[in-house]
Amino acid sequence: MIRFSKTIRFTAVVLLAMASAPGCAKREAEIKIGEYGSLTGTTATFGISTKNGIELYIDNLNAQGGIGGKKLRILVEDDQSKPEEAATAVNKLIAQDGVVAVLGEVASSRSLAAAPICQSAGVPMITPSSTNPKVTEIGTYIFRVCYIDPFQGEVIAKFARNTLHLSKAAVFRDNKNDYSVGLANYFSESFLKLGGRIVSDESYSEGDQDFKAQLTVIKAKRPEFIFIPGYYTEVGLIARQARELGLNVPMLGGDGWVSDRLLEIAQDALNGSYLVNHYWESDPNPAVQEFVQSYRKRYGATPDGLAALAYDAAGVLTDAMQRLLKTDPKSFEALSGPPNADQKDARARLRGLIAATRDYPGVTGRISLDDRRNAVKTAVFLGIENRGYTFVATVEP
Ligand code: PHE
């Protein structure tokens, strides 16, 4: 056995520490990507599905050799479903961990809290699933791979009016949630234009457990349906309490309903209701089926819309990195190098290549980013029957 003297061992430790310290000229072999999401808290399934989708994509890519011989490393931070924590998480990912791009968040309020940090640091951020228009308006480094709420709201209004032939709506919104307030407004505007009426507009706050007072007011106005642009935990509870009060009209929702937990909480209360999603797991497209199979094999669950969007967000980001490698190998190299001016310039070039994304073949559909860094995509309508989902229609932009 070879024995090293104490000084040699000490020197080796110091050299290793120096080599891994930030700012050191040593070339890192990996490209670091940050991810922030709600792994715990009121919307934990959002963060977990998102993390799974990203991991699946990146691990596959690494198993095929990574990009230009470099592996990608995902650094994940939990924001506990809180906007303040989202900002803290992204600060840490950028300032401490030195990530060159960020994936997240799901909830628009949390993306809105963190995006300004990415924008001012010059670190591209792609949100897989935040649909509020304000998110990408933060600046040129902020992108999304999903549709936006003016579209989603209009699609739901048209579905209610033209397909279900309903004319009296109640709106029940989460007052402190940017997504919910925005979607409630976009829906209402479209529904009124189509000749519908809003007979009641009530609100609640995330974390509330008792909705009976508002539901009693809503019931008295005799709506034909209730539009609830909220997240799954509250929606599940609202649905049950509505049925307890004898309020039996269908409920309509947006993508915030998407969660395995929704029907566990609601039980039978949402039968006969409808929601909008970003993809449909039984889509015969072979790329979708391949994704669904490999996700099931790894996680033992069917991927929801969030997992699918996260998979595509990772795909769009790394696709831009591949194009950087091809068009500008020196800049590509700088992505895994020290956080200096070269890296900043490389991030700016990467930003430009993300913005140029056209016809990326995602599992949630083809992704082209418009001049506002938003994707223009198809919405999927699902119905709820017997505590399960049925495909109703896709709606083109
Ligand atoms: N679109 C929602 C938001 O912006 C987030 C969400 C997307 C939730 C998809 C579930 C599924 O806040």
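The values are calculated or read from the model by the stated rules, or taken from the named source; none is laboratory data. Because the structure is a prediction, the values reported are computed rather than measured. All Cβ positions, even for glycine, are placed from backbone atoms using ideal geometry, and neighbour counts span all protein chains on display.
Return the total of residues in segment 46-92 being within 17 Å of Ser111 (Cβ to Cβ) and not hydrophobic (A, V, I, L, M, F, W, C).
Residues that pass the stated criteria total 17.
What are the pairs, 6+ residues apart or on separate chains, where a residue within segment 90-106 that is free of Cβ contacts under 8 Å to residues at least 12 places away in the same chain has its Cβ under 9 Å from a residue that is part of a loop (DSSP other than H, G, I, E, B)?
Gln96/Pro22
Is it the case that segment 349-372 has a residue that's on the phi > 0 side of the Ramachandran plot and loosely packed, with under 14 Cβ neighbours inside 10 Å?
Yes, segment 349-372 contains at least one residue that is on the phi > 0 side of the Ramachandran plot and loosely packed, with under 14 Cβ neighbours inside 10 Å.
Hey, among the residues in segment 240-262 that are over 25 Å from Leu306 (Cβ atoms) and out of contact with any helix residue (DSSP H, G or I) (no Cβ under 6 Å at 6 or more places or on another chain), which one's farthest from the ligand (Cβ to nearest atom)?
Per the criteria, the residue is Gly246.
So which residues in segment 40-49 are in contact (Cβ under 8 Å) with a residue 12 or more places away in the chain and either buried (at least 19 other Cβ atoms within 10 Å of the Cβ) or outside the structural domain of Asp79 (by TED's automatic domain parsing) (or both), if there are any at all?
Those that are in contact (Cβ under 8 Å) with a residue 12 or more places away in the chain and either buried (at least 19 other Cβ atoms within 10 Å of the Cβ) or outside the structural domain of Asp79 (by TED's automatic domain parsing) (or both): Thr43, Thr45, Phe46, Gly47, Ser49.
Of the numbered conditions (1) surrounded by fewer than 24 Cβ atoms within 10 Å (Cβ to Cβ); (2) within 20 Å of Ala266 (Cβ to Cβ), Phe227 fails exactly one; give the number of that condition.
(1)
Run down Val102, Val123 and say which single residue is in a loop (DSSP other than H, G, I, E, B), more than 16 Å from the ligand (Cβ to nearest atom), out of contact with any Pro (no Cβ under 6 Å at 6 or more places or on another chain) and assigned by TED's automatic domain parsing to the domain that holds Leu335.
Result of the check over Val102, Val123: Val123.
Filter the helices (runs of 4 or more DSSP H) completely within segment 181-300 down to those with at least 1 residues that are assigned by TED's automatic domain parsing to the domain that holds Asn60 and of a type in the set (A, V, I, L, M, F, W, C).
Helices (runs of 4 or more DSSP H) meeting the threshold: 286-299.
Could you check, for segment 42-54, whether at least one of its residues is at pLDDT below 95 and in a loop (DSSP other than H, G, I, E, B)?
yes
Please determine, by comparing only the residues of segment 143-169 that are more than 13 Å from the chain's Cα centre (by Cα) and in a strand (DSSP E or B), which one is farthest from the ligand (Cβ to nearest atom).
Out of the qualifying residues, it is Lys168.
Return the total of residues in segment 55-84 being touching a helix residue (DSSP H, G or I) at 6+ places or on another chain (Cβ under 8 Å) and part of a loop (DSSP other than H, G, I, E, B).
Counting residues in segment 55-84 that are touching a helix residue (DSSP H, G or I) at 6+ places or on another chain (Cβ under 8 Å) and part of a loop (DSSP other than H, G, I, E, B) gives 4.
Each row is one residue, and each column tells you yes or no for (1) in the same structural domain as Val316 (by TED's automatic domain parsing); (2) of a type in the set (Gly, Ala, Ser); (3) farther than 24 Å from Asp255 by Cα; (4) modelled with pLDDT of 95 or more.
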residue	(1), (2), (3), (4)
Leu75	yes, no, yes, yes
Ser81	yes, yes, no, yes
Glu85	yes, no, no, yes
Ile94	yes, no, yes, yes
Ala107	yes, yes, no, yes
Ala115	yes, yes, no, yes
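Mind listing just one residue for me: the one in segment 50-94 that is among the polar types (S, T, N, Q) and surrounded by fewer than 24 Cβ atoms within 10 Å (Cβ to Cβ) and, of those, nearest to Arg298 (Cα to Cα)?
Asn52
Give the number of residues within segment 196-228 that are in contact with a helix residue (DSSP H, G or I) (Cβ under 7 Å, 6 or more places away or on another chain) and either of a type outside the set (Phe, Trp, Tyr) or under 11 Å from Gly153 (Cβ atoms) (or both).
12
Would you mind stating whether Ala287 is touching a Leu at 6+ places or on another chain (Cβ under 9 Å) and more than 16 Å from the ligand (Cβ to nearest atom)?
Considered against the rule, which asks whether it is touching a Leu at 6+ places or on another chain (Cβ under 9 Å) and more than 16 Å from the ligand (Cβ to nearest atom), Ala287 comes out as no.
So which residues in segment 50-65 are of a type outside the set (S, T, N, Q) and free of Cβ contacts under 8 Å to residues at least 24 places away in the same chain?
Glu55, Asp59, Ala63, Gly65
Results for (1) surrounded by fewer than 24 Cβ atoms within 10 Å (Cβ to Cβ); (2) in contact with an Asp or Glu (Cβ under 7 Å, 6 or more places away or on another chain); (3) closer than 16 Å to Gly305 by Cβ; (4) not aliphatic (A, V, I, L, M), shown as yes or no for each residue.
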{"site": "Val106", "(1), (2), (3), (4)": "no, no, yes, no"}
{"site": "Leu112", "(1), (2), (3), (4)": "yes, yes, no, no"}
{"site": "Pro116", "(1), (2), (3), (4)": "yes, no, no, yes"}
{"site": "Gly122", "(1), (2), (3), (4)": "yes, no, no, yes"}
{"site": "Thr127", "(1), (2), (3), (4)": "no, yes, yes, yes"}
{"site": "Ser130", "(1), (2), (3), (4)": "no, yes, yes, yes"}
{"site": "Val135", "(1), (2), (3), (4)": "no, no, no, no"}
{"site": "Ile138", "(1), (2), (3), (4)": "yes, no, no, no"}
{"site": "Arg144", "(1), (2), (3), (4)": "no, no, yes, yes"}
